[in-house]
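Data first, discussion second: the structure below is written as C-alpha cells.
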Amino acid sequence: SFNVIGRTSAALNQVRQRRPRAHSDYQPTSIYVTKGERLELAHYEESAGKISAVIGVPELNTPIVIDLKFGFNAIDIPQSGLLSFIYQTPGKSVLISIKGSYSYVPSFTLYETNPAVWQAMMDHLPNAPVVVLTSERAIIVVR
C-alpha cells in the first residue's frame, strides 16, 4: 500500500512562488509496472476527492494518467513505467492498496533514506529498469 498526501497543485505553487518552472505533482511509489500486466488499486476514503495514478515519467515516455474511483480499480497496464500518484487535496492523506504484478526499483527520498539503505537497495536491485531520487517537489528518474 502507499499513502498519498494531498498537496497544492504544482502549477499554483509555480505562480505563487514566481518560479520559471513548476515542481512536480507526482508522488512516486518506487513501483515499476510492465505493459500487459494487471494492477489493482483501491482506496476507501469517500471524501478523498480526485486521485490519479500515473504510469511513466515525462523524460522517458509519455505519462498515462488514470483517474481512480472510490473503491476497487482494475487496470491493464498500457505501457511500462514508474507508478506515481497525483493528489491535490491539501491537508488530506489517503491509503491506496496496490496489488498485482509489479516490481520495486531503488528509491532515494531526501531526508528519509540513509546512505546504507540506498546502497543496499542498489545492490539488491542491480537490474532495475529505473532508479528514483525524490525530494518534496522534485523527482529525478534515471534509466
Taking I75, I86, I51 and counting other C-beta atoms within 10 Å, the order from fewest to most: I75, I86, I51
The chain - percent relative contact order, Cα under 8 Å, separation 6 or more: 31
Qualifying lysines (Cα of each under 21 Å from Cα of K50; at least 8 residues distant if same chain): K69, K92, K99
Using the number of other C-beta atoms within 10 angstrom as an exposure proxy, rank Y104, Y87, Y111 with the fewest first. Y111, Y104, Y87
Based solely on its DSSP helices, what 222 nm [θ] is calculated for the chain when runs of n ≥ 4 H residues each add -39,500 (n - 2.57) and the sum is averaged over all residues, nearest 500 deg cm²/dmol? -3500 deg cm²/dmol
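Since every read-out is calculated from the coordinates, none of them should be taken as a lab result. Everything numeric here is computed off the predicted structure, so don't read it as measured data. Here Cβ is always computed from backbone atoms with ideal geometry, including for glycine, and neighbour counts include all displayed protein chains.
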